[in-house]
Amino acid sequence: MWDRIVALTISVGERILAPIERFVGRRSLVGDSAFLELEDFPWVAELERNWGMIREELARVLEDRDALPNFQEISKDQIEITDDDRWKTFFLYGFGFEAELGVRMCPRTAALMRQIPGMTTAMFSILSPRKHILDHRGPYKGVVRYHLGLIVPHDREACRIRVGEEVRHWVQGRSMIFDDTYNHEVWNDTDETRVVLFLDVLRPLPFPDSLINRAIVKAIGLSPFVLDAKRNQRAWERRYLARRAAAAAAATPARCESAPAPPR
């Protein structure tokens with residue numbers, strides 16, 4: 001029943017948001033192209049200055065990479081574009097809710113995220129070798145998507161994203177911002193892993209359109225679609241912590257019940 005409610009929410013939401021998205025595109029203060037200009041987002045420079053620190057915290061996350069969730073385990077609708085274990089995620093924030101484990105393991109990155117105006121979602125997106133994410137579009141034009149390259153394969157030309165008709169490649173420590181309501185797809189045709197810091201932020205709009213947009217995004221955050229993802233995230237965190245606790249217990253030598261007798 002819950003899965004049917006989530007599916008119905010997505011279907012109804014798409015029909016309701018379609019005319020709103022056309023209005024948002026016309027009113028956008030940063031244009032309505034597939035890729036957007038970095039200069040229109042002043043906070044980008046601070047993230048690029050701190051990309052090394054973000055990558056250091058990412059390294060801790062990747063120590064137990066196999067335990068990280070597949071994207072479709074958290075957001076069930078992603079099953080339409082990925083159905084294996086080669087696209088993993090690690091959330092810090094998602095449409096208004098905080099991923100407690102993510103914030104605890106990456107505190108300095110989380111602090112940077114909280115400084116970004118209009119940040120709604122923040123996570124690490126981990127793409128395994130030879131992974132292809134199928135053509136798809138994002139749920140709502142009122143947010144734009146940001147990627148910061150953290151781990152990029154040496155053959156950058158073979159690791160790429162197409163948004164609309166334009167193809168780009170990631171660079172370590174560098175950013176890209178795009179409108180994910182354009183059809184887009186991703187390829188990692190290398191034998192190396194690609195990792196980016198993945199953000200959604202509110203699209204800059206004039207007042208009072210910006211207030212309306214913020215209210216719509218907040219409503220999306222309260223929808224069954226997002227609440228389901230929040231529930232899945234918390235369930236995964238419990239499993240992850242239990243796994244870590246079991247591993248720690250197994251690595252700890254058992255204590256002797258009594259001390260050995262002193263030598264005579």
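Is there a residue in the range 156-177 that is of a type outside the set (A, V, I, L, M), closer than 20 Å to residue 18 by Cβ and either surrounded by 15 or more Cβ atoms within 10 Å (Cβ to Cβ) or out of contact with any strand residue (DSSP E or B) (no Cβ under 8 Å at 6 or more places or on another chain) (or both)?
Scanning the range 156-177 turns up no residue that is of a type outside the set (A, V, I, L, M), closer than 20 Å to residue 18 by Cβ and either surrounded by 15 or more Cβ atoms within 10 Å (Cβ to Cβ) or out of contact with any strand residue (DSSP E or B) (no Cβ under 8 Å at 6 or more places or on another chain) (or both).
If a residue must be at negative phi and either assigned to a loop (DSSP other than H, G, I, E, B) or of a type in the set (A, V, I, L, M) (or both), how many such residues does the range 29-41 contain?
9
Among 205, 241, 211, which is part of a loop (DSSP other than H, G, I, E, B), farther than 26 Å from residue 131 by Cβ and among the aliphatic types (A, V, I, L, M)?
205
Could you check how many residues of the range 124-138 are closer than 21 Å to residue 69 by Cα and in a loop (DSSP other than H, G, I, E, B)?
So the answer is 4.
Taking residue 81 as the residue in question, decide whether it is touching a His at 6+ places or on another chain (Cβ under 9 Å) and of a type in the set (A, V, I, L, M).
yes
When the residues of the range 95-123 are narrowed to those that are touching an Asp or Glu at 6+ places or on another chain (Cβ under 9 Å) and assigned to a strand (DSSP E or B), which ends up surrounded by the most Cβ atoms within 10 Å (Cβ to Cβ)?
122
Report those helices (runs of 4 or more DSSP H) wholly inside the range 42-94 carrying at least 1 residues which are within 18 Å of residue 114 (Cβ to Cβ).
Here the list reads 44-49, 51-62.
Yes or no: the range 140-155 includes at least one residue that is touching a residue at least 24 places away in the same chain (Cβ under 8 Å), in contact with a helix residue (DSSP H, G or I) (Cβ under 6 Å, 6 or more places away or on another chain) and basic (Lys, Arg).
Yes, the range 140-155 has at least one match.
Confirm whether residue 54 is touching a residue at least 12 places away in the same chain (Cβ under 8 Å), surrounded by 16 or more Cβ atoms within 10 Å (Cβ to Cβ), of a type in the set (A, V, I, L, M) and under 30 Å from residue 25 (Cβ atoms).
Taking the combined requirement at face value, the residue does not satisfy it.
Which of the numbered conditions does residue 199 fail, given that it passes all the others? Conditions: (1) part of a helix (DSSP H, G or I); (2) in contact (Cβ under 8 Å) with a residue 40 or more places away in the chain.
Evaluating residue 199 over (1) part of a helix (DSSP H, G or I); (2) in contact (Cβ under 8 Å) with a residue 40 or more places away in the chain leaves (1) as the failure.
Can you list residue pairs whose Cβ atoms sit under 9 Å apart, with the first residue in the range 156-169 being over 12 Å from residue 185 (Cβ atoms) and the second being assigned to a helix (DSSP H, G or I) and small (Gly, Ala, Ser)? Count only pairs 6 or more apart in sequence or on different chains.
169/158
Does residue 23 qualify as being within 25 Å of residue 210 (Cβ to Cβ), at pLDDT below 95, buried (at least 18 other Cβ atoms within 10 Å of the Cβ) and not small (Gly, Ala, Ser)?
No.
Given the conditions (1) within 17 Å of the chain's Cα centre (by Cα); (2) at pLDDT below 95, which single one is not true for residue 156?
(1)
Rundown of residues vs (1) closer than 24 Å to residue 24 by Cα; (2) loosely packed, with under 15 Cβ neighbours inside 10 Å; (3) of a type outside the set (Ser, Thr, Tyr); (4) modelled with pLDDT under 95, yes/no style:
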position: 188; (1), (2), (3), (4): no, no, yes, no
position: 191; (1), (2), (3), (4): no, yes, yes, no
position: 194; (1), (2), (3), (4): no, no, yes, no
position: 204; (1), (2), (3), (4): yes, no, yes, no
position: 209; (1), (2), (3), (4): yes, no, yes, no
position: 222; (1), (2), (3), (4): yes, yes, yes, yes
position: 226; (1), (2), (3), (4): yes, no, yes, yes
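Would you say residue 3 is under 23 Å from residue 161 (Cβ atoms) and either assigned to a helix (DSSP H, G or I) or at pLDDT 75 or above (or both)?
No.
The values are calculated or read from the model by the stated rules, or taken from the named source; none is laboratory data. These numbers were taken from a predicted model, which means no experiment stands behind them. In this analysis, Cβ positions are derived from the backbone assuming ideal geometry, glycine residues included, and neighbour counts consider all displayed protein chains.
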